[in-house]
1. Checking the conditions here, which among 191, 175 is part of a loop (DSSP other than H, G, I, E, B), farther than 22 Å from residue 129 by Cα and under 34 Å from the mean Cα position of the chain (by Cα)?
2. Please name all residue pairs, on different chains or six or more residues apart, with Cβ atoms under 9 Å, provided the first residue is in the range 116-130 and is without any contact (Cβ under 8 Å) to a residue 60 or more places away in the chain and the second residue is polar (S, T, N, Q) and part of a strand (DSSP E or B).
3. Can you confirm whether the range 144-152 contains a residue that is surrounded by 14 or more Cβ atoms within 10 Å (Cβ to Cβ), assigned to a loop (DSSP other than H, G, I, E, B) and not aliphatic (A, V, I, L, M)?
4. When the residues of the range 199-251 are narrowed to those that are of a type in the set (S, T, N, Q) and within 28 Å of the chain's Cα centre (by Cα), which ends up modelled with the lowest pLDDT?
5. Quick test of your reading of the structure: residue 212 fulfils all but one of (1) outside any strand (DSSP E or B); (2) under 27 Å from residue 93 (Cβ atoms); (3) touching an Asp or Glu at 6+ places or on another chain (Cβ under 9 Å); (4) without any contact (Cβ under 8 Å) to a residue 24 or more places away in the chain. Name the failing condition by number.
6. Output the residues belonging to the range 217-251 that are aromatic (Phe, Trp, Tyr) and either surrounded by fewer than 16 Cβ atoms within 10 Å (Cβ to Cβ) or in a loop (DSSP other than H, G, I, E, B) (or both).
7. Which residues, counting only those in the range 126-184, are more than 21 Å from residue 220 (Cα to Cα) and of a type in the set (Ser, Thr, Tyr)?
Amino acid sequence: MIVLLALPGKTTGQFKLALSTLFLPLFGLAGAVHDASERASKSLIPRQTLVTQLDQLRRENQVLRLQLTQSEEARRENDQLRQQLGFQKQSAWKLRASRVIGRDSANWWRTLKIDFGRQDGAQLFMPVLTADGLVGRISELGMNYSQVALVGDPNCRVAAFVLETRENGVVGPSSSSAMDHTFVELILPKSSDLKVGHRVITSGQGGVFPKGILVGEILDFRNVSYGLYQEARVKLAVNANRLDEVFVKLP
């Protein structure tokens with residue numbers, strides 16, 4: 001320091017300039033580090049805030065998924081109602097649309113309930129159907145609901161015939177598929193010329209079901225009781241376990 005003071009003024013100034021040039025990058029680097037640190041500290045988000053935002057995003061995602069599910073279900077119901085409306089307009093019968101409101105699991109899914117009761121004009125034995133085929137008939141009446149015995153229930157036997165051969169028979173519960181209610185049995189004379197895929201239609205005999213409602217298709221058949229008659233297994237046209245809407249045929 002004493003040597004620096006003893007130097008001439010011009011030399012001292014040049015020496016100070018050299019020192020400042022030497023330390024200036026260090027001062028600049030320190031300032032930059034300080035500024036970057038300050039900016040980083042300001043940009044850091046507290047952990048609790050992040051957790052809160054993540055929970056909010058999860059909830060929003062759940063709401064969006066629910067809305068998507070509702071939209072898909074609404075579109076499915078809309079398509080179904082449009083199909084049913086077209087069937088109702090084209091049908092020669094007077095039909096009343098009804099919603100399925102319950103199923104009786106104690107009866108092995110052979111019955112269901114609809115929102116059409118005595119106060120709406122419901123009567124016993126009224127046929128129940130969809131655009132795909134026969135469902136069953138009204139078996140019990142309530143004030144604002146009816147119980148429907150499905151095809152295959154012992155209380156809902158159906159007079160039917162094979163469309164391709166015009167041979168008549170009776171549709172009843174299937175003994176070989178007791179737990180699978182998508183099948184029924186058709187009993188026919190032993191001489192019936194059956195083939196897999198033949199369609200089974202209501203015959204109109206018996207006075208309960210009108211003629212011309214599809215019951216199902218023949219899957220297989222066999223001779224029973226020493227060949228006295230034939231027993232055909234029929235795949236029902238309507239899966240009652242998936243029904244939401246049905247039609248009741250009015251008088």
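The values are calculated or read from the model by the stated rules, or taken from the named source; none is laboratory data. Note that this is a predicted model, so its numbers are computed, not measured. All Cβ positions, glycine included, derive from the backbone under ideal geometry; neighbour counts span all protein chains shown.
1. 175
2. 117/146; 118/146; 120/98; 120/146; 124/139; 124/146
3. Within the range 144-152, the subset surrounded by 14 or more Cβ atoms within 10 Å (Cβ to Cβ) is 145-152.
Right, trim to assigned to a loop (DSSP other than H, G, I, E, B) and you get 145, 152.
Filter again for not aliphatic (A, V, I, L, M), leaving 145, 152.
Yes, because at least one residue in the range 144-152 is surrounded by 14 or more Cβ atoms within 10 Å (Cβ to Cβ), assigned to a loop (DSSP other than H, G, I, E, B) and not aliphatic (A, V, I, L, M).
4. Only one residue fits best here, namely 241.
5. So the condition that residue 212 fails would be (3).
6. Within the range 217-251, the first condition is being aromatic (Phe, Trp, Tyr), and the residues that meet it are 221, 226, 229, 247.
Matches in the range 217-251: 226, 229.
7. Of everything in the range 126-184, those that are more than 21 Å from residue 220 (Cα to Cα) and of a type in the set (Ser, Thr, Tyr) turn out to be 130, 139, 145, 146.
One line per residue, one yes/no per condition, for (1) at pLDDT 95 or above; (2) touching a Cys at 6+ places or on another chain (Cβ under 9 Å); (3) not in a helix (DSSP H, G or I):
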residue: 87; (1), (2), (3): no, no, no
residue: 93; (1), (2), (3): no, no, yes
residue: 98; (1), (2), (3): no, no, yes
residue: 101; (1), (2), (3): no, no, yes
residue: 106; (1), (2), (3): no, no, no
residue: 112; (1), (2), (3): no, no, yes
residue: 119; (1), (2), (3): yes, no, no
residue: 124; (1), (2), (3): yes, no, yes
residue: 136; (1), (2), (3): yes, yes, yes
